[in-house]
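Accompanying notes for the structure given below.
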Amino acid sequence: MTLEEIVERLKRKKIKLTTQRMEVIKFVSEMKKGHFEVKDLFTVLSKKIPSLSIATLYSVLYLLEELGVIYSFSDGQKTVFDFNPEPHAHFICKECGKIEDVEIKKLELGEINGKREKVELIVKGVCEDCLKKVKP
């Protein structure tokens, strides 16, 4: 989603576009893919926006998740924000913590009585790089 599309959606929801929000939204709109913890995003963004607080960053990220621009998931220990809005699964290496996107070729869900909002598929194991480090 482009910056302009995100801004238009926020305006329709009558959400105030503060300088801090706009800087975070601009940063997110420029990200194509990636997985980030809030602390990592905060480290990068606080250099550009010294007045940014962790609470504001969380607020903007959850607002963008509500709009479908990004989404969050838990790796079992922390919340991770994903900048790839396309449907996909995740592979998480239990050795180094690396998170990789995994294409979903076919996923059929049974009937759900209610509104489905989010489906998460997380595969945990050891990545190829970590396997190479282990001597047979």
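The values are calculated or read from the model by the stated rules, or taken from the named source; none is laboratory data. Computed from a predicted model, the values in this text were never measured in an experiment. Positions of Cβ are generated from backbone atoms using ideal geometry, with glycine treated the same way; all protein chains shown enter the neighbour counts. SASA here: full protein model, heavy atoms, side chains in, ligands and nucleic acids out. Shrake-Rupley method; radii C 1.70, N 1.55, O 1.52, S 1.80 Å.
A few remarks follow.
- Förster radius 41 Å - calculated FRET efficiency between LEU107 and LEU3, Cβ distance, rounded to 0.05: 0.85
- Computed on protein heavy atoms with a 1.4 Å probe, the accessible areas place LYS26, LYS39 in the order LYS39, LYS26, largest first.
- Stretching ASP129 away from ALA89 to a fully extended chain increases their span by 12.5 nm, per 0.36 nm per residue minus the current alpha-carbon distance.
- Counting only protein heavy atoms and using a 1.4 Å probe, the accessible area of ARG9 comes to about 80 Å².
- When the helices of the chain are scored as -39500 (n - 2.57) per DSSP H run of n ≥ 4 and the total is divided over every residue, the value at 222 nm lands at -11500 deg cm²/dmol.
- Charge dipole of the chain (Cα centre as origin; +1 on each Lys and Arg Cβ, -1 on each Asp and Glu Cβ, all else neutral): 380 debye, rounded to the nearest 20.
- Hydrodynamic radius of segment 1-104 per Kirkwood, over alpha carbon pairs, in Å: 14.4
- Charge-dipole axis of the chain as Lys and Arg at +1 and Asp and Glu at -1 on Cβ define it, positive-most pick from VAL44, CYS96, VAL119: VAL44
- Of the DSSP H helices in the chain, none is both long (alpha-carbon extent of 30 Å or more along the helix axis) and hydrophobic (Kyte-Doolittle mean at least -0.5).
- Per DSSP, loop GluC sites (Glu not before Pro) in segment 34-135 with at most 16 further Cβ within 10 Å: GLU37, GLU95, GLU103, GLU108, GLU111, GLU117, GLU120
- Over 28 Å (Cα to Cα) - which of LYS32/LYS106; LYS32/LYS118; LYS13/LYS106; LYS26/LYS124 fall in this group: LYS13/LYS106; LYS26/LYS124
- DSSP bridge pairs, the chain: antiparallel proportion in percent, nearest 5: 70
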